[in-house]
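I have placed the structure first, in the form of structure tokens, so that the comments after it can refer back to it.
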Amino acid sequence: MNEHPLSVGMTYCLRMPDGRALGHVRIHQIEDSWAEGPFIPGPAFAEVRELFERADELARDQIIPLWEQAADAIEALHIQVVEEHAGARHAGLRVFVAGNEASIGTPLCVS
């Protein structure tokens, strides 16, 4: 398994490709291929909040085909994860927000 590119204790900005900040997450744990931490939304998050809420609801209800569609729609946003201060950019990570928690996963392996 590859090491996760994000680090515990670091803060990252979730950005749209056009530079608008969706919000910030401070990583408090990395488990398996997921980095997780509290999420503080920015003003631009209002535009995509419903999509993330729908994905979370479908995951909890285990409606997998519809959840996969929502996850694909989130992935199509091409959200960048940018390290605060150092500015290192990570693209292609899976991003999910549920309530005030964000989960950022490594890309799925495609062979």
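Protein heavy-atom accessible surface, 1.4 Å probe, per residue over the chain: 61 Å². Residues in region 64-81 carry Karplus couplings, in order, of 4, x, 6, 4, 4, 5, 5, 4, 5, 5, 5, 4, 5, 6, 6, 5, 9, 10 Hz; the curve used is 6.51 cos²θ - 1.76 cosθ + 1.60 with θ = phi - 60°, and Gly or Pro positions show x.
What size of dipole, in debye to the nearest 20, comes out for the chain about its Cα centre when the only charges are +1 on Lys and Arg C-beta atoms and -1 on Asp and Glu C-beta atoms? Mind showing how you got there, number by number?
Details: 8 positive and 17 negative charges, 65 e Å.
Computed about the Cα centre, the dipole is about 320 debye.
Treating each Cα of the chain as one equal point scatterer and applying the Debye formula with no solvent, the log10 of I(q)/I(0) at q = 0.14, 0.17, 0.23 Å⁻¹ comes out as -0.52, -0.78, -1.44. In the assembled protein chains, ASP32 presents an accessible area of approximately 110 Å² (probe radius 1.4 Å).
In deg cm²/dmol, rounded to 500, what helix-only [θ] at 222 nm does the chain give when every DSSP H run of at least 4 residues adds -39500 (n - 2.57) and the total is split over its residues? Walk me through the numbers before you get to the answer.
On the way: 2 runs with 24 residues, N = 111.
Value at 222 nm, helices only, nearest 500: -6500 deg cm²/dmol.
Accessible surface of the chain, 1.4 Å probe: 52 percent of it comes from carbon and sulfur atoms.
Return a whole-number percent for the relative contact order of the chain, with Cα pairs under 8 Å and 6 or more residues apart as the contact set. List each step's numbers first, then the result.
On the way: 207 pairs, mean separation 30.8, N = 111.
Once divided by the residue count of the chain, the mean separation gives 28 percent.
Each of VAL95, VAL8 has its accessible area taken with a 1.4 Å probe; listed largest first, they run VAL8, VAL95.
Please return the longest stretch of the chain lacking exposed loop sites, where GluC sites (Glu not before Pro) count only if DSSP places them in a loop and at most 16 other Cβ atoms lie within 10 Å.
On the way: sites that count: GLU3, GLU84.
Looking at the chain, 4-83 is the longest stretch - no exposed GluC sites (Glu not before Pro) with at most 16 other Cβ atoms within 10 Å.
The values are calculated or read from the model by the stated rules, or taken from the named source; none is laboratory data. The model shown is predicted, which means the values in this text are computed figures rather than measured ones. Virtual Cβ from ideal backbone geometry, glycine too; neighbours counted across all protein chains shown. When the accessible area is computed, the model is the full protein with side chains, heavy atoms only, and any ligands, DNA or RNA have been set aside. Shrake-Rupley method; radii C 1.70, N 1.55, O 1.52, S 1.80 Å.
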